[in-house]
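Take a look at the structure set out below.
What follows draws every value from the coordinates through simple rules; no lab data is involved. Please read these numbers as outputs of a predicted model, since none were measured by experiment. Note: ideal-geometry Cβ built from the backbone for every residue, glycine included; neighbour counts use all protein chains shown.
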Amino acid sequence: MWWLAGLLTAFAAAVVAPLLVYIWPSGGKIKPTSVKVNLQTPLNQLKDGAATKFEAPSNYGFKMIDGGGDNYPGKVSFGGYLVKVSGKTTALSLTCSHLGCSVNFQGGEFACPCHGSVFGISGNVVRGPAQFPLSNYTWKQLSNSQIQVDGYSLQGVG
Ligand code: FES
């Protein structure tokens, strides 16, 4: 019987320990914060139907506020696009809702290089396999060249 108990203990250690480390990583903590980012195209020069890309500084990520498919509210994303549609500017995550690849803005749409999904400039699905739109971010303008996006500090995580 002792060998069975030993075997079960070894199995639990081998399977459960890595999961615990994944769930509670050692070291740093994920902390909600506002993330300042610089824009490639200043806000006052962003034309209707255009988009400008932004990326999270190292050790920071952005917080998705919408879900669907592989995405969920609160999930971390590391880049996005500020888009202007009919005079209204919104910030979209670049994380594809299919399986999480990063989409690229080209020809007025967002194309995913992994499996061919295409999203409209508002983040809506134009072509699958993705079935859900790109997530929005909560953001505000600090200046024409800088915005602040709700996100996370990831210092020491991972
Ligand atoms: S991850 Fe984008 S289409 Fe599959």
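Key figures for this structure:
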quantity: Subset of LYS36/LYS63; LYS31/LYS75; LYS31/LYS53; LYS31/LYS88; LYS29/LYS140; LYS75/LYS140 violating a 21 Å alpha-carbon distance limit; calculated: LYS31/LYS53; LYS31/LYS88; LYS29/LYS140
quantity: Positive-end residue of CYS101, PRO129, GLN141, charge dipole of the range 28-153 with Cβ unit charges; calculated: GLN141
quantity: Inter-site label distance for SER34 and ASN124 at 7 Å from Cα along Cβ, in nm; calculated: 3.2 nm
quantity: Net charge of neighbours whose Cβ lies under 14 Å from the Cβ of LEU46, counting Lys and Arg as +1 and Asp and Glu as -1; calculated: +3
quantity: Ranked list, fewest to most other Cβ atoms within 10 Å of each Cβ, for VAL149, VAL85; calculated: VAL85, VAL149
quantity: Chain lengthening between LEU142 and GLN106 when straightened (0.36 nm per residue, less Cα-Cα); calculated: 10.3 nm
quantity: Hz values of 3J(HN,Hα) by residue in the range 38-51 - Karplus curve (6.51, -1.76, 1.60), Gly and Pro given as x; calculated: 8, 9, 5, 10, x, 4, 6, 10, 6, 7, 4, x, 10, 9
quantity: Residue-by-residue Karplus 3J(HN,Hα) for the range 62-76, coefficients 6.51, -1.76, 1.60, Hz, glycine and proline x; calculated: 9, 9, 5, 10, 10, x, x, x, 7, 9, 8, x, x, 5, 7
quantity: Extent along principal axes [Cα atoms of the range 28-153; Å; largest to smallest]; calculated: 38, 34, 19
quantity: Amide H contacts of VAL85 (H built 1.01 Å from N, under 5 Å, at least 5 apart or other chain); calculated: GLY49, THR90
quantity: R0 of 41 Å, Cβ-Cβ distance VAL157-ASN44: FRET efficiency to nearest 0.05; calculated: 0.70
quantity: Sparse-neighbourhood loop sites, trypsin sites (Lys or Arg not before Pro) in the range 51-158 - DSSP loop, at most 13 other Cβ within 10 angstrom; calculated: none
quantity: For VAL37, VAL157, order by how many other beta-carbon atoms lie within 10 Å, fewest first; calculated: VAL157, VAL37
